[in-house]
1. Kindly indicate whether any position in the range B:40-53 is out of contact with any His (no Cβ under 6 Å at 6 or more places or on another chain), modelled with pLDDT of 85 or more, under 20 Å from B:Arg135 (Cβ atoms) and not polar (S, T, N, Q).
2. Within the range B:238-266, work out how many residues are within 14 Å of the chain's Cα centre (by Cα) and without any contact (Cβ under 8 Å) to a residue 24 or more places away in the chain.
3. Select, from A:Ala117, A:Ala88, the only residue that is closer than 22 Å to A:Val150 by Cβ and either more than 9 Å from chain B (Cβ to nearest Cβ) or surrounded by fewer than 23 Cβ atoms within 10 Å (Cβ to Cβ) (or both).
4. Please state which of the following conditions A:Ser83 fails to meet, knowing it meets all the rest: (1) among the hydroxyl-bearing types (Ser, Thr, Tyr); (2) crowded, with 22+ Cβ neighbours inside 10 Å; (3) modelled with pLDDT under 90.
5. Taking the range B:188-240 as the search range and keeping residues that are closer than 14 Å to B:Leu260 by Cβ and hydrophobic (A, V, I, L, M, F, W, C), which one is farthest from the other protein chains (Cβ to nearest Cβ)?
6. Going through the range B:162-175 one residue at a time, which ones are more than 11 Å from the chain's Cα centre (by Cα) and not aliphatic (A, V, I, L, M)?
7. Of all residues in the range A:91-114 being at the interface with another protein chain (Cβ under 7 Å from one of its Cβ atoms) and of a type outside the set (Phe, Trp, Tyr), which is surrounded by the fewest Cβ atoms within 10 Å (Cβ to Cβ)?
Amino acid sequence: MKLSFKQFRYKFFELLPLLLLFFISLNGSSIINVKFFSINIHYILVYYWILRKPENLGYGFIFLSGIISDVVLGFPLGINALSLLMVAGVAAYVRVVTVRITLVNDWISFIPALLFANFVYFASLYYSNYSLDYLYLLKNSIFTLIFYPVLWGVFTLIVNLQKS
Amino acid sequence: METSREDVGIVIRSAFLKRGTQQRFSLFALTILSIILIFLETIDFKSLNTIRSFVKDIIYRGASIATYPSKSFSSFYQLMENHINLYSNYKELITENEELKNNISKSDFLELENSQLRQLIDEQVASPSNLVSARVMLDKQSPYLNSFVINIGGNKNIKNGMAVLDGKIFIGRIVDVNFFSSRVLLVSDLNSKIPVLSQPSGNHAILSGHGTSEPTLEYLSENHTIQDGDKVYTSGKGGIFTPGIAVGKVKIDKKKVKVLLFSDLSQITFVNINLGELNK
(Lines give C-alpha, C1' and ligand atoms only; values in the text may rest on other atoms or scores of the structure.)
Protein backbone atom coordinates (compact mmCIF):
# COMPACT_ATOMS: atom_id res chain seq x y z
CA MET A 1 0.00 0.00 0.00
CA LYS A 2 1.37 3.37 -0.97
CA LEU A 3 1.65 6.03 1.72
CA SER A 4 0.37 9.45 0.69
CA PHE A 5 2.39 12.52 1.71
CA LYS A 6 -0.27 13.41 4.27
CA GLN A 7 -0.16 9.95 5.82
CA PHE A 8 3.65 10.02 5.84
CA ARG A 9 3.65 13.40 7.56
CA TYR A 10 1.12 12.15 10.12
CA LYS A 11 3.22 9.05 10.84
CA PHE A 12 6.39 11.13 11.09
CA PHE A 13 4.91 13.54 13.63
CA GLU A 14 3.37 10.61 15.48
CA LEU A 15 6.77 8.93 15.81
CA LEU A 16 8.71 12.14 16.47
CA PRO A 17 8.42 12.08 20.31
CA LEU A 18 9.59 8.47 20.34
CA LEU A 19 12.53 9.26 18.05
CA LEU A 20 13.44 12.24 20.23
CA LEU A 21 13.18 10.13 23.37
CA PHE A 22 15.63 7.51 22.09
CA PHE A 23 17.92 10.08 20.48
CA ILE A 24 18.21 11.87 23.83
CA SER A 25 18.99 8.65 25.71
CA LEU A 26 21.44 7.18 23.20
CA ASN A 27 23.18 10.51 22.76
CA GLY A 28 23.43 10.95 26.54
CA SER A 29 22.02 14.45 26.24
CA SER A 30 19.11 14.34 28.70
CA ILE A 31 20.64 17.34 30.44
CA ILE A 32 21.63 20.33 28.36
CA ASN A 33 24.34 22.44 29.92
CA VAL A 34 24.92 25.88 28.49
CA LYS A 35 27.20 27.90 30.77
CA PHE A 36 25.17 28.53 33.94
CA PHE A 37 21.96 26.98 32.58
CA SER A 38 21.13 23.32 32.97
CA ILE A 39 17.89 21.86 31.59
CA ASN A 40 16.57 18.31 31.76
CA ILE A 41 14.79 17.94 28.40
CA HIS A 42 14.11 14.25 29.06
CA TYR A 43 11.68 15.12 31.88
CA ILE A 44 9.94 17.82 29.83
CA LEU A 45 9.51 15.51 26.84
CA VAL A 46 8.04 12.66 28.89
CA TYR A 47 5.80 14.97 30.94
CA TYR A 48 4.37 16.82 27.93
CA TRP A 49 3.65 13.75 25.85
CA ILE A 50 2.13 11.64 28.64
CA LEU A 51 -0.06 14.60 29.48
CA ARG A 52 -1.13 15.48 25.96
CA LYS A 53 -0.80 12.43 23.71
CA PRO A 54 0.04 9.32 25.73
CA GLU A 55 -0.72 7.10 22.72
CA ASN A 56 2.45 8.49 21.06
CA LEU A 57 4.80 7.60 23.91
CA GLY A 58 4.41 4.20 25.59
CA TYR A 59 5.43 3.63 29.20
CA GLY A 60 7.53 0.66 28.03
CA PHE A 61 9.53 2.95 25.76
CA ILE A 62 10.02 5.46 28.58
CA PHE A 63 11.34 2.68 30.78
CA LEU A 64 13.68 1.45 28.03
CA SER A 65 14.90 4.99 27.37
CA GLY A 66 15.67 5.38 31.08
CA ILE A 67 17.67 2.13 31.07
CA ILE A 68 19.66 3.32 28.03
CA SER A 69 20.35 6.66 29.75
CA ASP A 70 21.57 4.82 32.85
CA VAL A 71 24.02 2.76 30.79
CA VAL A 72 25.25 5.67 28.66
CA LEU A 73 25.73 8.02 31.61
CA GLY A 74 27.21 5.31 33.85
CA PHE A 75 24.57 5.08 36.57
CA PRO A 76 23.29 1.87 38.14
CA LEU A 77 20.52 0.36 35.99
CA GLY A 78 17.02 1.56 36.82
CA ILE A 79 17.71 5.00 38.33
CA ASN A 80 16.82 7.17 35.33
CA ALA A 81 14.07 4.71 34.37
CA LEU A 82 12.45 5.10 37.78
CA SER A 83 12.65 8.90 37.83
CA LEU A 84 11.23 9.13 34.28
CA LEU A 85 8.38 6.83 35.30
CA MET A 86 7.70 9.14 38.26
CA VAL A 87 7.38 12.07 35.86
CA ALA A 88 5.09 9.95 33.66
CA GLY A 89 3.07 8.93 36.73
CA VAL A 90 2.40 12.52 37.82
CA ALA A 91 1.54 13.44 34.20
CA ALA A 92 -0.90 10.50 33.98
CA TYR A 93 -2.54 11.58 37.26
CA VAL A 94 -2.84 15.20 36.11
CA ARG A 95 -4.30 14.02 32.77
CA VAL A 96 -7.05 12.12 34.57
CA VAL A 97 -8.00 14.99 36.90
CA THR A 98 -7.85 17.94 34.49
CA VAL A 99 -10.16 18.86 31.65
CA ARG A 100 -8.81 22.07 30.17
CA ILE A 101 -5.42 22.24 28.44
CA THR A 102 -3.55 25.40 29.41
CA LEU A 103 0.12 26.20 29.71
CA VAL A 104 -0.31 27.53 33.25
CA ASN A 105 -2.04 24.33 34.46
CA ASP A 106 0.65 22.17 32.87
CA TRP A 107 3.40 24.36 34.23
CA ILE A 108 2.15 24.31 37.82
CA SER A 109 1.54 20.57 37.78
CA PHE A 110 5.07 20.07 36.44
CA ILE A 111 6.43 21.22 39.84
CA PRO A 112 5.32 18.08 41.78
CA ALA A 113 6.51 15.93 38.85
CA LEU A 114 9.99 17.44 39.12
CA LEU A 115 10.00 17.15 42.91
CA PHE A 116 8.97 13.48 42.84
CA ALA A 117 11.42 12.59 40.07
CA ASN A 118 14.37 14.34 41.71
CA PHE A 119 13.55 12.88 45.10
CA VAL A 120 13.55 9.38 43.58
CA TYR A 121 16.76 10.21 41.69
CA PHE A 122 18.46 11.42 44.86
CA ALA A 123 17.20 8.52 47.00
CA SER A 124 18.23 5.82 44.54
CA LEU A 125 21.69 7.35 43.99
CA TYR A 126 22.12 7.61 47.75
CA TYR A 127 21.12 3.94 48.07
CA SER A 128 23.68 3.02 45.38
CA ASN A 129 26.47 4.96 47.21
CA TYR A 130 26.91 7.61 44.52
CA SER A 131 27.87 11.12 45.56
CA LEU A 132 25.81 13.87 44.04
CA ASP A 133 26.10 17.63 43.78
CA TYR A 134 22.82 18.64 45.43
CA LEU A 135 23.16 22.29 44.48
CA TYR A 136 23.51 21.27 40.85
CA LEU A 137 20.38 19.13 41.12
CA LEU A 138 18.47 22.11 42.56
CA LYS A 139 19.77 24.43 39.85
CA ASN A 140 18.84 21.90 37.19
CA SER A 141 15.29 21.57 38.58
CA ILE A 142 14.78 25.33 38.67
CA PHE A 143 15.98 25.87 35.10
CA THR A 144 14.02 22.86 33.83
CA LEU A 145 10.88 24.42 35.32
CA ILE A 146 11.67 27.87 33.88
CA PHE A 147 12.41 26.40 30.44
CA TYR A 148 9.24 24.28 30.34
CA PRO A 149 7.05 26.83 28.47
CA VAL A 150 9.58 27.05 25.63
CA LEU A 151 9.49 23.32 24.94
CA TRP A 152 5.73 23.31 25.62
CA GLY A 153 5.41 25.72 22.70
CA VAL A 154 7.61 23.61 20.42
CA PHE A 155 5.78 20.37 21.28
CA THR A 156 2.36 22.00 20.87
CA LEU A 157 3.48 23.10 17.41
CA ILE A 158 4.39 19.49 16.59
CA VAL A 159 0.99 18.28 17.84
CA ASN A 160 -0.78 20.93 15.72
CA LEU A 161 1.28 19.99 12.67
CA GLN A 162 0.28 16.36 13.16
CA LYS A 163 -3.39 17.35 13.37
CA SER A 164 -3.37 19.59 10.30
CA MET B 1 -17.13 20.49 45.76
CA GLU B 2 -15.10 18.33 48.11
CA THR B 3 -13.05 15.51 46.64
CA SER B 4 -13.57 12.30 48.52
CA ARG B 5 -10.86 9.74 49.25
CA GLU B 6 -12.57 7.30 46.90
CA ASP B 7 -12.26 9.73 44.00
CA VAL B 8 -8.51 10.08 44.57
CA GLY B 9 -8.23 6.29 44.75
CA ILE B 10 -10.06 5.90 41.45
CA VAL B 11 -7.79 8.50 39.79
CA ILE B 12 -4.62 6.83 41.09
CA ARG B 13 -5.85 3.39 39.99
CA SER B 14 -6.72 4.79 36.59
CA ALA B 15 -3.35 6.54 36.16
CA PHE B 16 -1.01 3.92 37.57
CA LEU B 17 -2.58 0.49 37.37
CA LYS B 18 -4.59 0.53 34.14
CA ARG B 19 -2.75 0.24 30.88
CA GLY B 20 -4.58 3.22 29.40
CA THR B 21 -4.77 4.23 25.76
CA GLN B 22 -2.57 2.00 23.65
CA GLN B 23 -0.23 1.29 26.59
CA ARG B 24 1.11 -2.26 26.84
CA PHE B 25 2.48 -1.97 30.36
CA SER B 26 1.10 -0.36 33.49
CA LEU B 27 3.14 2.33 35.19
CA PHE B 28 2.97 0.45 38.46
CA ALA B 29 4.49 -2.74 36.97
CA LEU B 30 7.33 -0.80 35.32
CA THR B 31 8.02 1.16 38.53
CA ILE B 32 8.34 -2.11 40.47
CA LEU B 33 10.62 -3.48 37.73
CA SER B 34 12.87 -0.38 37.99
CA ILE B 35 13.11 -0.76 41.77
CA ILE B 36 14.03 -4.44 41.36
CA LEU B 37 16.73 -3.45 38.83
CA ILE B 38 18.21 -0.86 41.23
CA PHE B 39 18.26 -3.49 43.96
CA LEU B 40 19.86 -6.08 41.63
CA GLU B 41 22.65 -3.60 40.80
CA THR B 42 23.91 -3.89 44.38
CA ILE B 43 24.19 -7.70 44.11
CA ASP B 44 27.49 -9.09 42.83
CA PHE B 45 26.54 -12.41 41.26
CA LYS B 46 28.37 -13.98 38.30
CA SER B 47 25.40 -14.72 36.03
CA LEU B 48 23.87 -11.29 36.81
CA ASN B 49 27.17 -9.61 35.95
CA THR B 50 27.27 -11.52 32.64
CA ILE B 51 23.79 -10.29 31.68
CA ARG B 52 24.68 -6.74 32.76
CA SER B 53 27.89 -6.79 30.70
CA PHE B 54 26.01 -8.10 27.66
CA VAL B 55 23.28 -5.43 27.92
CA LYS B 56 25.82 -2.64 28.49
CA ASP B 57 28.00 -3.74 25.57
CA ILE B 58 25.00 -3.68 23.20
CA ILE B 59 23.85 -0.25 24.42
CA TYR B 60 27.38 1.20 24.18
CA ARG B 61 27.64 0.04 20.55
CA GLY B 62 24.23 1.53 19.75
CA ALA B 63 25.08 4.78 21.51
CA SER B 64 28.42 4.97 19.73
CA ILE B 65 26.57 4.81 16.38
CA ALA B 66 23.90 7.30 17.50
CA THR B 67 26.51 9.82 18.64
CA TYR B 68 28.45 9.60 15.38
CA PRO B 69 26.82 12.70 13.77
CA SER B 70 27.35 14.89 16.84
CA LYS B 71 30.93 13.59 17.20
CA SER B 72 31.66 14.37 13.54
CA PHE B 73 30.21 17.85 13.96
CA SER B 74 32.32 18.58 17.04
CA SER B 75 35.50 17.30 15.35
CA PHE B 76 34.75 19.52 12.34
CA TYR B 77 34.23 22.48 14.68
CA GLN B 78 37.50 21.66 16.43
CA LEU B 79 39.30 21.47 13.08
CA MET B 80 37.98 24.87 12.03
CA GLU B 81 38.90 26.38 15.39
CA ASN B 82 42.45 24.97 15.08
CA HIS B 83 42.78 26.48 11.61
CA ILE B 84 41.64 29.87 12.84
CA ASN B 85 44.06 29.78 15.80
CA LEU B 86 46.94 28.42 13.73
CA TYR B 87 49.21 31.46 13.99
CA SER B 88 48.80 32.02 17.74
CA ASN B 89 49.26 28.27 18.37
CA TYR B 90 52.46 28.35 16.30
CA LYS B 91 53.89 31.19 18.39
CA GLU B 92 52.97 29.40 21.61
CA LEU B 93 54.60 26.20 20.38
CA ILE B 94 57.86 27.99 19.57
CA THR B 95 58.06 29.37 23.12
CA GLU B 96 57.13 26.00 24.60
CA ASN B 97 59.72 24.24 22.44
CA GLU B 98 62.45 26.58 23.68
CA GLU B 99 61.50 25.87 27.29
CA LEU B 100 61.42 22.11 26.68
CA LYS B 101 64.84 22.16 25.03
CA ASN B 102 66.22 23.87 28.14
CA ASN B 103 64.58 21.29 30.40
CA ILE B 104 65.65 18.15 28.52
CA SER B 105 69.20 17.96 29.87
CA LYS B 106 67.98 18.63 33.40
CA SER B 107 65.28 15.96 33.11
CA ASP B 108 67.69 13.32 31.73
CA PHE B 109 69.99 13.82 34.66
CA LEU B 110 67.13 13.59 37.18
CA GLU B 111 65.77 10.42 35.53
CA LEU B 112 69.16 8.73 35.77
CA GLU B 113 69.61 9.80 39.35
CA ASN B 114 66.08 8.61 40.19
CA SER B 115 66.55 5.13 38.73
CA GLN B 116 69.89 4.77 40.55
CA LEU B 117 68.29 5.77 43.85
CA ARG B 118 65.39 3.35 43.27
CA GLN B 119 67.85 0.53 42.65
CA LEU B 120 69.57 1.44 45.90
CA ILE B 121 66.34 0.92 47.85
CA ASP B 122 65.49 -2.25 45.83
CA GLU B 123 62.24 -0.80 44.48
CA GLN B 124 61.06 -2.27 41.23
CA VAL B 125 60.90 0.34 38.50
CA ALA B 126 57.55 0.24 36.69
CA SER B 127 57.85 -1.10 33.17
CA PRO B 128 56.19 0.94 30.43
CA SER B 129 55.41 -2.30 28.56
CA ASN B 130 52.58 -2.98 31.02
CA LEU B 131 50.39 -0.51 29.19
CA VAL B 132 47.58 -1.46 26.87
CA SER B 133 45.99 1.11 24.55
CA ALA B 134 42.29 1.73 23.98
CA ARG B 135 40.07 4.10 22.10
CA VAL B 136 37.42 6.28 23.73
CA MET B 137 34.13 4.91 22.41
CA LEU B 138 31.64 7.08 24.20
CA ASP B 139 32.39 10.38 25.84
CA LYS B 140 29.12 11.68 27.19
CA GLN B 141 29.96 13.71 30.24
CA SER B 142 27.01 13.64 32.57
CA PRO B 143 26.86 16.63 34.90
CA TYR B 144 26.64 14.13 37.75
CA LEU B 145 29.27 11.67 36.59
CA ASN B 146 32.52 12.51 34.77
CA SER B 147 33.40 9.33 32.96
CA PHE B 148 33.80 7.79 29.51
CA VAL B 149 33.64 4.39 27.89
CA ILE B 150 36.61 2.69 26.21
CA ASN B 151 36.53 -0.10 23.64
CA ILE B 152 38.29 -2.85 25.58
CA GLY B 153 37.18 -4.79 28.61
CA GLY B 154 37.44 -8.28 30.03
CA ASN B 155 38.68 -9.48 26.62
CA LYS B 156 42.00 -7.63 27.23
CA ASN B 157 42.30 -8.49 30.94
CA ILE B 158 41.05 -5.12 32.09
CA LYS B 159 40.03 -5.13 35.75
CA ASN B 160 38.31 -2.70 38.10
CA GLY B 161 40.65 -0.19 39.73
CA MET B 162 43.34 -0.13 37.01
CA ALA B 163 44.96 3.25 36.34
CA VAL B 164 44.05 4.97 33.06
CA LEU B 165 46.59 7.28 31.44
CA ASP B 166 46.54 9.89 28.70
CA GLY B 167 49.99 9.16 27.28
CA LYS B 168 51.87 8.91 30.58
CA ILE B 169 49.59 11.21 32.55
CA PHE B 170 47.10 9.84 35.08
CA ILE B 171 43.48 10.69 34.24
CA GLY B 172 41.34 8.17 36.10
CA ARG B 173 40.61 4.55 36.91
CA ILE B 174 38.48 1.71 35.62
CA VAL B 175 35.19 1.38 37.52
CA ASP B 176 33.09 -0.97 35.39
CA VAL B 177 34.29 -3.78 33.14
CA ASN B 178 32.19 -5.50 30.46
CA PHE B 179 33.33 -8.03 27.81
CA PHE B 180 34.21 -5.51 25.10
CA SER B 181 34.03 -2.18 26.92
CA SER B 182 34.89 -0.54 30.23
CA ARG B 183 33.99 2.67 32.01
CA VAL B 184 36.69 5.08 33.17
CA LEU B 185 35.94 7.32 36.14
CA LEU B 186 37.89 10.55 35.63
CA VAL B 187 39.84 12.29 38.39
CA SER B 188 37.49 15.26 38.08
CA ASP B 189 34.45 13.24 39.17
CA LEU B 190 32.80 13.81 42.53
CA ASN B 191 33.27 10.12 43.42
CA SER B 192 36.99 10.04 42.57
CA LYS B 193 39.50 9.90 45.48
CA ILE B 194 43.14 9.22 44.52
CA PRO B 195 46.13 9.05 46.94
CA VAL B 196 48.78 11.46 45.66
CA LEU B 197 52.14 12.94 46.57
CA SER B 198 53.30 16.49 45.88
CA GLN B 199 56.82 17.24 44.67
CA PRO B 200 59.15 18.77 45.76
CA SER B 201 57.28 19.50 49.02
CA GLY B 202 56.69 15.75 49.59
CA ASN B 203 53.21 16.00 51.13
CA HIS B 204 50.77 13.09 50.94
CA ALA B 205 47.14 13.93 50.16
CA ILE B 206 43.93 12.69 48.56
CA LEU B 207 43.04 14.14 45.17
CA SER B 208 39.26 14.70 45.24
CA GLY B 209 37.17 15.50 42.21
CA HIS B 210 34.29 18.00 42.35
CA GLY B 211 32.71 17.57 38.93
CA THR B 212 34.81 20.44 37.57
CA SER B 213 38.12 20.43 35.72
CA GLU B 214 40.01 21.40 38.89
CA PRO B 215 40.13 18.69 41.56
CA THR B 216 41.50 19.64 44.98
CA LEU B 217 43.95 18.15 47.46
CA GLU B 218 42.32 17.04 50.68
CA TYR B 219 43.48 15.50 53.98
CA LEU B 220 46.74 17.45 53.87
CA SER B 221 48.64 17.73 57.14
CA GLU B 222 48.04 21.00 59.01
CA ASN B 223 51.62 22.22 58.57
CA HIS B 224 51.97 21.25 54.93
CA THR B 225 54.48 23.05 52.75
CA ILE B 226 52.70 22.85 49.40
CA GLN B 227 53.31 25.80 47.11
CA ASP B 228 51.98 27.05 43.80
CA GLY B 229 53.49 25.09 40.92
CA ASP B 230 54.31 21.91 42.90
CA LYS B 231 53.85 18.77 40.78
CA VAL B 232 51.34 16.11 41.84
CA TYR B 233 52.02 12.37 41.30
CA THR B 234 50.20 9.20 42.33
CA SER B 235 51.68 8.06 45.62
CA GLY B 236 50.91 4.36 45.19
CA LYS B 237 49.53 4.24 48.75
CA GLY B 238 47.03 1.43 49.14
CA GLY B 239 48.83 -0.52 46.44
CA ILE B 240 46.23 0.19 43.74
CA PHE B 241 48.19 2.45 41.38
CA THR B 242 51.83 2.47 40.36
CA PRO B 243 53.58 5.32 42.23
CA GLY B 244 55.01 8.29 40.36
CA ILE B 245 52.46 8.79 37.58
CA ALA B 246 52.13 12.51 36.86
CA VAL B 247 48.69 14.06 37.47
CA GLY B 248 48.98 17.84 37.45
CA LYS B 249 50.39 20.88 39.19
CA VAL B 250 49.24 22.78 42.26
CA LYS B 251 47.44 26.10 42.13
CA ILE B 252 46.52 27.65 45.48
CA ASP B 253 43.33 29.67 45.19
CA LYS B 254 41.71 31.25 48.28
CA LYS B 255 43.36 28.71 50.62
CA LYS B 256 42.03 25.84 48.48
CA VAL B 257 44.77 23.63 47.05
CA LYS B 258 43.58 23.04 43.50
CA VAL B 259 45.28 20.82 40.94
CA LEU B 260 45.55 21.90 37.30
CA LEU B 261 45.51 18.62 35.39
CA PHE B 262 48.27 18.05 32.84
CA SER B 263 45.77 16.41 30.52
CA ASP B 264 42.74 18.11 28.95
CA LEU B 265 39.99 15.62 29.84
CA SER B 266 37.63 16.89 27.15
CA GLN B 267 40.08 16.17 24.32
CA ILE B 268 40.99 12.54 24.85
CA THR B 269 40.66 10.02 22.01
CA PHE B 270 43.13 7.28 23.01
CA VAL B 271 44.14 6.14 26.48
CA ASN B 272 46.62 3.71 28.03
CA ILE B 273 45.62 1.33 30.78
CA ASN B 274 48.28 0.33 33.26
CA LEU B 275 47.93 -3.44 33.72
CA GLY B 276 51.07 -3.53 35.85
CA GLU B 277 50.31 -3.77 39.52
CA LEU B 278 46.99 -5.61 39.38
CA ASN B 279 48.04 -8.30 36.90
CA LYS B 280 50.86 -9.67 39.00
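The values are calculated or read from the model by the stated rules, or taken from the named source; none is laboratory data. This one's a predicted model, so the numbers in the text were calculated from it and none came from an experiment. Heads up, the Cβs are rebuilt from the backbone with ideal geometry, glycines too, and the neighbour counts pull from every protein chain shown.
1. Scanning the range B:40-53 turns up no residue that is out of contact with any His (no Cβ under 6 Å at 6 or more places or on another chain), modelled with pLDDT of 85 or more, under 20 Å from B:Arg135 (Cβ atoms) and not polar (S, T, N, Q).
2. 1
3. None of the other options fit; the residue is A:Ala117.
4. Tallying (1) among the hydroxyl-bearing types (Ser, Thr, Tyr); (2) crowded, with 22+ Cβ neighbours inside 10 Å; (3) modelled with pLDDT under 90, A:Ser83 fails exactly one: (3).
5. If we take residues in the range B:188-240 being closer than 14 Å to B:Leu260 by Cβ and hydrophobic (A, V, I, L, M, F, W, C), then B:Ile226 is farthest from the other protein chains (Cβ to nearest Cβ).
6. Within the range B:162-175, B:Gly167, B:Lys168 qualify.
7. A:Val97
Each row is one residue, and each column tells you yes or no for (1) under 14 Å from the mean Cα position of the chain (by Cα); (2) at pLDDT 90 or above; (3) within 18 Å of A:Ile39 (Cβ to Cβ).
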position: A:Ala117; (1), (2), (3): yes, yes, yes
position: A:Ala123; (1), (2), (3): no, no, no
position: A:Tyr130; (1), (2), (3): no, no, no
position: A:Leu138; (1), (2), (3): no, no, yes
position: A:Tyr148; (1), (2), (3): yes, yes, yes
position: A:Val154; (1), (2), (3): yes, yes, yes
